[in-house]
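Below you'll find the structure, written out as structure tokens, and then a few comments.
The values are calculated or read from the model by the stated rules, or taken from the named source; none is laboratory data. Please read all numbers here as calculations on a predicted model, not as lab measurements. A quick note on method: Cβ atoms are made from the backbone with ideal geometry, for glycine too, and the neighbour counts reach across all protein chains shown.
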Amino acid sequence: MSKGVLVDITKCIGCGSCTVACKMWNKLEYDQNVSSIGETAKLNDKNWTVVTRTSAQDSKGQAVWRFAKQQCMHCLEPACASACFSRALQRNADGAVEYYPDLCVGCRYCMIACPFDVPKYEWSKAAPLITKCQLCSTRVAKGEAPACVAVCPTGVMKFGDRQELLQEAHQLIRREDLYLKTVYGEKEVGGTCWLYISDIPFDQLGFKSGLGSVALPSYTHSFLKNVPIIALGWGVLLTGMSFYARRRNELAKARQERLAGKNGEGDADADDFDEEA
Amino acid sequence: MVGAGAVVAGCASEPAGGKGWMPNQYNVAANWPVQVKGRVPIDSSNPAIDRDDTKCILCGQCLEVCKNVVSVYGYYELPIQNDITCIHCGQCTMWCPTGAITERNEIKKVQAALASADQHVIVQTAPAIRVALGEEFNLPPGSLVQGQQVTALKKAGFDAVFDTSWSADLTIMEEASELIKRLTTGKALPHFTSCCPGWVKFAEYFYADLQPHLSSCKSPQQMLGAVAKSYYAKEKGIAPEQIFSVAVMPCTAKKFECQRPEMNAAGILRGNPAIRDVDVVLTTRELANLLKSNGIDLSRLVDTPYDSVLGESTGAGVIFGATGGVTEAAVRTAYYLVTRQDPPAALLQWENVRGLKGVKEASVELPGVGTVKVAVCHGLRDARVVLEKVRKQQSDWHFIEFMACPGGCIGGGGQPRTSLPPSDEVRKARMANLYKLDGTAVKRASYQNKEVMDLYQKFLHAPLSEESESLLHTHYVDRSHQLKPKEKV
């Protein structure tokens, strides 16, 4: 069963505890130039999660501040893992899309594949690797919540079984007028482990819209699934043709030799003649 | 080969991340609650306090004090409006074990002013500094260093060193006059004190409906600032533009207060609204750092008196630094204002309003006015009990003193971190020496302050005069739209 995190945007006060917890647990450096909290916050190789601040208007036209936590969404069908030919990105049984640095060849296909622009490259390093949120897979394996979820003082985030969280989210948005009637992450690119509910439209908060509900790997799956058959068939075909061509050549050569045998004497005389001369 | 094999097999030793640590309270199964967690939100534009994320360990202490002592965090509904609610009291800086939360450091601004040749740099020190600054120089808690700190500030290069106790006496002249006016007209009672900027912002957020009760008097810091760039400038023949006014406060909220847009009374009087009444506020801790960076050891200095004409103080002005002090000082002068007689000995040692009890109540007989009932609150969670009674019109108090920090200014958010978390032992030691200073003073009541009386005679004419109103009084902002208070916590 896939685990998940339900984020209630309306409860966030922007304290940034989650970003600090992520730094502490994953031993990440603080970027002196790129903040992990506030209006200029940005995900990068050191910031696996950030909390952005947006000035928006609520349904009554009141100016409000909203904070949106960003990190890897942990897709149910991750495009990054699909694009990775060295299997450095793998989705585990809890649903966490984990990155294995010692398998990575540094091709950065995952960065191109990710619809949320999450994997980041260590541009400043001589031998760069990819970085991204791991959903604290080692904590989750022990039954603990991811570090960011554990520290949140206002209970913005809830960790649990994704299916149950989804049900809870739907109950909540049905019951409370405050919320928009949509759960971000339920269907986006086939569904993600991170689910969000909000009172402000998601696109205003910096969430990508129009991603569709089809898992990205399925687009390529329809034809990439034929790759083994095509590769094998093509090989068989070429091998067969190769055999055929060789056999034909052999036969042709043999016939030529036979023909050459009938006119052979004349030639031999000529050779003899040369030697004598 | 092994690597290539691992790649082909798609297996490896371990995934990235997870090599760090978390405080122990967070290392429990997800279905168990964590009680003490997270941290307070601090906006990057907060004028009073600042946080270094690299030092934060998410111990949760800042939230504990913000919720359980100050009663700000957890007292407003979510979602928030367009503001990160903070009253700038700085109690979180006192509790933060790693020193991640501090005041917004402004030492450099003061150093630049001191280095500038054409600026006349003045400084005022709050009543509570003199019983706390010594702790930064290894003296026992509460050590009285009034004379030494003046010497130290002179050595550091300040052109004039003034006493906020002087303007505390001035505040009392205004506030006691205002109180008597309210008592005789029966309007806007109970009268709320307004010298604590943390409390004022708290009231603007949570009790905006009770705003008419707030005294219109500015705090002593802002009164001295306004008077320094008008009266003092005139007396000394210095252009207000040339004066750089520094205030040393036991408080971080004072940094916010001096930046309030309306705090430019002297500038308006001058016709140059850009002039701020107080330019920079330093906390006690920042002053200690400034002195140490100049190699000045406070404990080895001789005493120097404060400078005239804003330097004389009475015992009443000094006890402003402790909870109950404003009330005691106000009543001493109110007694005089209605009777034209010195207050009786009991009012010079008014034990009922002293001490660390959360809410103190007392009453006093003012001849000609009647019985005046007072309440004294420090620590805003306790204040809520009193405020709710006033809101429901279930109170019979006439005068209520509010201080955001436990113990009053001596326990302020800008004071030395002598014990962690702050302890009553240290608070008591500081209070004891303030009351000792009052007890041994020749003048015990604000109306006896000659320099204050000179100000009225030469410049302001009388308490609550037009001149006094424009320089020494202020108005408040309704911040109730910036949050939705919780009905029940």
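Here are the numbers for this structure:
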| item | result |
| --- | --- |
| Residue match in region B:106-117 (condition: under 20 Å from B:Val36 (Cα atoms), under 19 Å from the mean Cα position of the chain (by Cα) and in contact (Cβ under 8 Å) with a residue 24 or more places away in the chain) | no |
| Qualifying positions in region B:390-410 - of a type in the set (Asp, Glu) and within 15 Å of B:Ala329 (Cβ to Cβ) | B:Glu401 |
| Among the residues listed as B:Ala322, B:Ala334, B:Ala362, the single one being surrounded by 15 or more Cβ atoms within 10 Å (Cβ to Cβ), among the hydrophobic types (A, V, I, L, M, F, W, C) and either in contact with a His (Cβ under 9 Å, 6 or more places away or on another chain) or closer than 24 Å to B:Gly413 by Cβ (or both) | B:Ala322 |
| Complete set of residues in region B:429-454 that are of a type in the set (Lys, Arg) and surrounded by fewer than 18 Cβ atoms within 10 Å (Cβ to Cβ) | B:Lys436, B:Lys443, B:Lys450 |
| A:Ala113 touching a helix residue (DSSP H, G or I) at 6+ places or on another chain (Cβ under 6 Å), more than 30 Å from A:Asp58 (Cβ to Cβ), of a type in the set (Gly, Ala, Ser) and within 9 Å of chain B (Cβ to nearest Cβ) | no |
| Qualifying residue in region B:186-205 (condition: surrounded by fewer than 20 Cβ atoms within 10 Å (Cβ to Cβ), under 19 Å from the mean Cα position of the chain (by Cα) and either at pLDDT 95 or above or under 29 Å from B:Arg39 (Cα atoms) (or both)) | yes |
| Lone qualifier among B:Thr314, B:Thr339, B:Thr283 - being in contact with a strand residue (DSSP E or B) (Cβ under 6 Å, 6 or more places away or on another chain) and polar (S, T, N, Q) | B:Thr283 |
| Region A:86-108 residues that are within 11 Å of chain B (Cβ to nearest Cβ), paired with ones that are of a type in the set (Lys, Arg) and assigned to a strand (DSSP E or B) (beta carbon under 7 Å, 6 or more apart) | A:Val97/A:Arg91 |
| Subset of region B:251-268 [within 18 Å of B:Leu282 (Cβ to Cβ) and assigned to a helix (DSSP H, G or I)] | B:Ala253, B:Lys254, B:Lys255, B:Phe256, B:Glu257, B:Cys258 |
| Matching residues in region A:1-15 - criterion: being facing chain B (nearest Cβ under 7 Å) and part of a helix (DSSP H, G or I) | A:Thr10, A:Lys11 |
| Of all residues in region B:304-338 being among the aliphatic types (A, V, I, L, M) and part of a loop (DSSP other than H, G, I, E, B), the one that is farthest from the chain's Cα centre (by Cα) | B:Val309 |
| In region B:396-415, the residues that are buried (at least 22 other Cβ atoms within 10 Å of the Cβ) and either on the phi > 0 side of the Ramachandran plot or in a loop (DSSP other than H, G, I, E, B) (or both) | B:His398, B:Ala404, B:Cys405, B:Pro406, B:Gly407, B:Gly408, B:Gly412, B:Gly413, B:Gly414, B:Gln415 |
| Checklist (1) buried (at least 17 other Cβ atoms within 10 Å of the Cβ); (2) within 11 Å of another protein chain (Cβ to nearest Cβ); (3) not aromatic (Phe, Trp, Tyr) applied to A:Asp58, failing item | (1) |
| Residue match in region A:169-183 (condition: in contact (Cβ under 8 Å) with a residue 60 or more places away in the chain, more than 12 Å from every other protein chain (Cβ to nearest Cβ) and exposed (fewer than 15 other Cβ atoms within 10 Å of the Cβ)) | no |
| Residue match in region A:185-194 (condition: more than 19 Å from A:Val5 (Cα to Cα), in contact (Cβ under 8 Å) with a residue 60 or more places away in the chain and in the same structural domain as A:Val50 (by TED's automatic domain parsing)) | no |
| Total residues in region B:47-75, condition within 10 Å of another protein chain (Cβ to nearest Cβ), touching a strand residue (DSSP E or B) at 6+ places or on another chain (Cβ under 9 Å), of a type outside the set (Lys, Arg) and crowded, with 20+ Cβ neighbours inside 10 Å | 2 |
| Residue check, A:Glu77 within 10 Å of chain B (Cβ to nearest Cβ), charged (D, E, K, R) and in contact (Cβ under 8 Å) with a residue 12 or more places away in the chain | no |
| Any hit, region A:16-34, residues being in a loop (DSSP other than H, G, I, E, B) and buried (at least 18 other Cβ atoms within 10 Å of the Cβ) | yes |
